[in-house]
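Each remark here refers to the structure printed beneath this line.
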Amino acid sequence: MTLGLKLSAQPLDEVPVKMMLETAEKSMAIPDYYTALEWYENAYKETRDPETAVKIADLNVRIRDFAHAERWLQKIVEKDQGVKYPQAVFQYAQVLKVNGKYQDAIDAFNHYAGLVANDSLLALADNEVAGIQLAMQSKPPIDLAVENAGKNVNSAYTDSGPFLASNGKLYFSSFRRKDLIVLDGKEGDYFFKVYTSDKGKDEGWDAAKALPDKINIEGYHTGNPSVSPDGSRLFFTRSTLTGNEVTESKIFVSVAKGDNWAPPEEIMGLNGNYIAKQPTPGVLFGKEVLFFSSNMPGGFGGYDLYYADRISDTKYDIPVNLGSDINSPRDEVTPFYLNNKLYFSSDGHPSIGGFDIFRTDWNGQEWGKVENLGKGYNSSYDDMFFSVNEDGKLGFLVSNRPDELSRSVKSKTCCDDIYQFHIRDVVIDLITSTYEGTVPLLGAKVTVFEINQGKTGKSETQVNDKINDSQFGLDKDKKYKVLIEKDGYAPGEFEINTVGMIANQTIKRTVKMVKKPDDKAGMETLTMNEPIRLNNIYYDFDDDKILPESEKDLTFLLGLMKQYPDMVIELSSHTDSRGNDNYNERLSQRRAQSAKNWLVSHGIKENRIEAVGYGENQILNECINGIDCTEEQHRLNRRTEFKIIAGPTTIEVKKSDLGDQKKNEVKSGNPLLPTKGTVPLTDPKIELTFDKKMIELGAVHKGDKKAMTFQFSNTGNQPIEIELITSCECTTLDYPQYKTFKPGEKGVIKALFDSTEKEIGETTDIDVILKQSDPKTHHPIHYILQYKFDLTK
């Protein structure tokens, strides 16, 4: 959401840089991230200021445009190496993790560790590495199927908070918008609302319907719906946004009156001068409770999970924090409770992506170990709002993971969609083994396509460099096509039909790959769903007309369509980064349609071509917003591509008919130089060992002074610095301040006790607090030393 601050109507090249930066900063203060990003990019074109680049990168992270964030951060760390901007290295590592580049992310986190070895932020980096290791070891359950809930539920903007009521009705929240919301007086009714949908035909959902205005009241964003198990109460939140941030959120309840909901009331006891959100009912100690997430004072991190006992429909008892085993120093959100199991999302526990879904079990007295649900439920992106039905076989989650059905107003990962999952009652396990002759062939790319009415639907791909087997879970009563590829080998393929399968079974297929003969050196194999860029289908800036030089490649594509009469293609068009994002998307759609019209006018049936405009979402080079490029560089991004979506799995064409680059990939590679002395974060140990922790002074005459020493050594594997040592006013302390103790190094703490003000003997504490945090809990490390005396007069 943007307020769209303008700088009058003067041309951009006449706007002073100072004014651009002031406008960007005012937008950040709102906060309005999209407008701020636009003006920082404009300023960067003029100044090339690295401080501005850092702000641009950070904004791309905030709006979850991770492709652009990676490019900006890569440029920053290549030049700076974390010397001036260590936080950019941390962000770069996080973005690499989100984009699934796990080994590069580990390298970047280790580089960051070398930059901030004496800072408690090291614990955060270690937590991220633990999540990456989990991601590299985790595999989706073979009986789990996750899919986009479809266009009747999801829109191009954010859709979230799915909750399946006991009557089978799906409640959720949505903006139901196709474009970015700009508050310019023309935005109309842009508020977040609660919708419902009933189960439709073919496992889909009917068109969404908004709840009445007494629930979706004008002027507030209404969301986070949940329903009590008996269906008698609807819980939800009413929130206000300032720019992109929630500034107020309170929990409400509405009681069922027949088939309708009564006017809602604010719940007493839960709300205050803080954010309270995502309510969900549950049971603890035999009492009905409401779980929710809040940033109220006194928590362990940003947002913590709480519960409160129900007193009446509209009143609950004092909220109780769920404790430090569940709540981390970061955020815990979207709780869901069922059958003594609490599910929630967190970015503070080790995660595969950003926010992951976790579970903890209630034994009647306390919560058990927090466990990550693993891949499938979690992706390398954000995964939240887990819920499941009573038998545990049908559920929902919310994610910004990109897939074939998701359509976002900005980048592919900006906005959340609702996903549904089910546990297969018939488990069909496909194991594909690849060989060259009798020798196992590692590293083959295996893709399973679901075939629906002759067209490819959702797909899943695996590449295994350690063994020659790939494993996939299949649904019953479906048709699949399996494609196997490896550089230097002719592709292999086969089909699987699961219609009529009613029992669990494992299907094993062996594929023998054959090396391409030398006389095929001038040919290129094109595979299904692989974007192919042709050499010469280009456009002039801000125009959708086919240029004369493009007709050669369109003629080539026309020949392929005639050579493979059952081939159906997606014809996609792309713009460069100049101009308004929404305008560029519309322009690219017109360009794709222009290319399609040319082919149709030359005899190709219209239903064999799907024209799609991607705008500037798939830039091929460094020419993203804010970067000055030559006209030739921009022209490279203004292109039309095609990919096979039905018909032949592979075709062969001459390499001379193709461009130099087939796929739209961000240039990769780790720009970080190795940091000397960096300690890997796999098992950091921060520990001081003392020669004694208690000193017995015996009898002390009132007014006497007693000197003591405590010797210590660093028995961990990380450098340690003492932050603070404190005791009572009767104790004077002398200890090494601002000194870093390397592993194995020793030190001394001196204490002088003055008994003048004492009346009786006692035991006195000396608190030693380290600058570092515990790598596992992220809590401060605290030691207690003591001395004891008996007072005599």
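Simple spin-label estimate for His602 and Gln633 gives 3.3 nm between the two label positions (7 Å along the Cα-to-Cβ direction from each Cα). For the chain, the longest principal axis of the Cα atoms and the long axis of helix 33-47 meet at an angle of about 80 degrees.
Distance from the Cα centroid of segment 110-140 to that of segment 177-250 is 37 Å (rounded to whole angstrom).
Largest first and in whole Å, what are the equivalent-ellipsoid semi-axes of segment 143-243 based on the Cα gyration tensor, each being the root of 5 times an eigenvalue?
On the way: eigenvalues 118, 64, 25 Å².
Computed over segment 143-243, the values are 24, 18, 11 Å.
Relative to the longest principal axis of the Cα atoms of the chain, the long axis of helix 17-29 lies at roughly 70 degrees.
Taking 27 Å as the cut-off for C-alpha to C-alpha distance, list the pairs among Lys201/Lys479; Lys151/Lys479; Lys476/Lys515; Lys412/Lys552 that go past it.
In this structure, Lys476/Lys515; Lys412/Lys552 exceed 27 Å between Cα atoms.
The C-alpha atoms of the chain define a longest principal axis, and helix 122-137 lies at about 40 degrees to it.
Inter-label distance, Ala207 to Met136: 5.1 nm, where each label sits 7 Å from its Cα along the C-beta direction. Pairs spanning more than 27 Å between alpha-carbon atoms, out of Lys75/Lys97; Lys97/Lys655; Lys18/Lys84: Lys97/Lys655. Stokes-Einstein diffusion for segment 296-407, with the hydrodynamic radius set to the Kirkwood value over Cα pairs and evaluated at 10 °C in a medium of 1.306 mPa s, equals 106 µm²/s.
P(r) tail for the chain: Cα pairs beyond 49 Å make up 27% of the total. Computed over the chain, relative contact order equals 10 percent, with contacts defined as Cα pairs under 8 Å that lie 6+ residues apart.
Overall, the accessible surface of segment 286-366 at a probe of 1.4 angstrom is composed of carbon and sulfur to the extent of 45 percent.
Counting heavy atoms of the protein chains only and a 1.4 Å probe, report the per residue accessible area for the chain as a whole number of Å².
Numbers: 36330 Å² over 793 residues.
It amounts to 46 Å² per residue over the chain.
Take the Cα of Glu696, step 7 Å toward its Cβ, do the same at Asn464, and the gap between the two points is 6.4 nm.
Taken over the alpha carbons of segment 370-524 as equal point scatterers, the Debye sum produces base-10 log I(q)/I(0) values at 0.15, 0.16, 0.17, 0.19 Å⁻¹ of -1.00, -1.09, -1.17, -1.30.
Distance between the C-alpha centres of segment 275-314 and segment 440-514: 46 Å, rounded to the whole angstrom.
When the chain is described by a simple charge dipole with +1 on each Lys and Arg Cβ and -1 on each Asp and Glu Cβ, the residue from Asn60, Val768, Tyr735 located farthest towards its positive end is Asn60. Summary of the geometry: segment 48-94 and segment 326-401, compared by the centres of their Cα atoms, lie 30 Å apart. Any idea what log10 I(q)/I(0) is at q = 0.27 Å⁻¹ for segment 242-312, Debye with uniform C-alpha scatterers and no solvent? Relative scattering, expressed as log10 I(q)/I(0), comes to -1.29. With a Förster radius of 51 Å, plug the Cβ-Cβ distance of Asp361 and Thr715 into 1/(1 + (r/R0)^6) and report the FRET value to the nearest 0.05. According to the calculation, E is roughly 0.90. For segment 54-182, which whole percent of the accessible surface, found with a 1.4 angstrom probe, sits on carbon and sulfur atoms? Looking at segment 54-182 in its full context, I get 51 percent from C and S.
The values are calculated or read from the model by the stated rules, or taken from the named source; none is laboratory data. Given the structure is predicted, the values throughout are model-derived calculations rather than measurements. Positions of Cβ are generated from backbone atoms using ideal geometry, with glycine treated the same way; all protein chains shown enter the neighbour counts. When the accessible area is computed, the model is the full protein with side chains, heavy atoms only, and any ligands, DNA or RNA have been set aside. Shrake-Rupley method; radii C 1.70, N 1.55, O 1.52, S 1.80 Å.
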